[in-house]
Amino acid sequence: MKHATFLLKLSRPGLWFATLWLYLLPTSSQPELFHTIPFWLGLFYVSFPLNFLVYSWNDSVDIETDALNPRKDSFWFGARGTKEQLSGLWKPNLIIQGIMIPILVYYAGFQTLLIFAAFFLINYLYNLPKNGLRTRPPLELACQLGYLLIVPLSIYINQLQHISFFAYLYLFLFAMQSHLMGEVMDIKPDKTAKRRTTATHLGVVKTNVLITLIVLLELIILLFYFNEYIFTAMLGAGLIWLIVDTSLSYLKTRRILCFKCAYLDLLLMLSQ
């Protein structure tokens, strides 16, 4: 039971809502899908199996950094495993992926093999022990494209129409914004561990300015392409807060600023 809890914690259930949201996005106007087997198989895959692969792989190469991170050892931000615990995770990953991928390919078609191959390639490049993209800013932000692969996977599994380019653009901006906020929260342990990220390179204030610009682009897309006035207003309120917070950040400790960034991250997620 203790080992099962550790494996579940590694998958960061507190962050499953991001992959579940991306999976459900193309299905929002198709409630009849709730009665199909492929829909639930895909929903299960993007919750535990996919998140377990992504985060356990990352944790296995970030042991030293995670040991300094106060956010670790929780169901929200993941387990704090030892080298011995993390070194053998390829075995459960191989078993889980080996079971799920053939089933999903059966229902969704062989074109999904390209999506799974892209999942593995992006994670491999991101998590290389030496010179992995996770420590080569700003390339770690480009790796957020991997999250967007969940959308076409959902489309193929559930046989839906593809979404627009601007929808993908919005999702990519949102993924980068969320990742940057996480980097701001982790800037102290990352600097202590001498890990290079966009946030450690730019600093808190400049990173918040970058986040502000990204959120502004999101607002433009929501307002002028999707005509989403309610979501635009909610996101705009968060943007104003971020601008004020950034302007006053010189007078605040990093701990207070990181706490507010964490809260704003949750606010923006809920607003979508």
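No value in this document is a laboratory result; all are computed from the given coordinates. Everything numeric here is computed off the predicted structure, so don't read it as measured data. When we count neighbours, we look across all protein chains shown, and the Cβ atoms used for this are built from the backbone with ideal geometry, even at glycine.
Could you pull out the pairs from K9/K130; K2/K91; K83/K206; K2/K194; K91/K191 whose alpha carbons sit more than 29 Å apart here? Going by Cα-Cα distance, K83/K206; K2/K194; K91/K191 fall outside the 29 Å limit.
By counting other Cβ atoms within 10 Å of each Cβ, how are S29, S178 ranked from fewest to most?
On the way: S29 8, S178 19.
Ranking S29, S178 by Cβ neighbours within 10 Å, fewest first, gives S29, S178.
Here the residues Y55, Y225, ranked from fewest to most Cβ neighbours within 10 Å of their Cβ, fall in the order Y225, Y55. Its alpha carbons considered, region 1-162 gives a radius of gyration followed by a Dmax of 16.1, 47 Å. Extending 7 Å from the Cα toward the beta-carbon at both I163 and V244 defines two label points whose distance is 3.1 nm. Its Cα gyration tensor gives the chain an equivalent ellipsoid; the semi-axes, largest first and in whole Å, are 29, 26, 15.
Amide H contacts of C143: none lie under 5 Å away among residues 5 or more positions distant or on a separate chain (H built 1.01 Å from N in the peptide plane; Pro and chain starts excluded). Label zone of Y106 (point 7 Å out along Cα→Cβ, amide N under 18 Å): in region 24-44 this covers 36-44. Each residue of region 135-152 was assigned a 3J(HN,Hα) from its phi angle through the Karplus expression (A = 6.51, B = -1.76, C = 1.60, θ = phi - 60°), giving 10, 10, x, x, 5, 5, 6, 4, 5, 5, 4, x, 5, 5, 5, 5, 5, x Hz with x at Gly and Pro. Here the 3J(HN,Hα) profile of region 206-214, calculated from phi with Karplus coefficients 6.51, -1.76 and 1.60 at θ = phi - 60°, is 5, 5, 5, 5, 4, 4, 4, 5, 5 Hz, Gly and Pro shown as x. Dividing the helix sum by the residues of the chain, where each DSSP H run of 4 or more adds -39500 (n - 2.57), gives a mean residue ellipticity at 222 nm of -21500 deg cm²/dmol.
Give the shape of region 82-182 as rounded, prolate or oblate, defined through the alpha-carbon gyration tensor: a ≥ b ≥ c are the square roots of its eigenvalues, a/c under 1.5 means rounded, and otherwise the shape is prolate if a/b is larger than b/c and oblate if not. Taking the square roots of the gyration eigenvalues as a ≥ b ≥ c, region 82-182 is oblate.
Can you sort L125, L217, L153 by how many other beta carbons sit within 10 Å, fewest first?
Values: L125 17, L217 14, L153 24.
Starting with the residue having the fewest Cβ neighbours, the order is L217, L125, L153.
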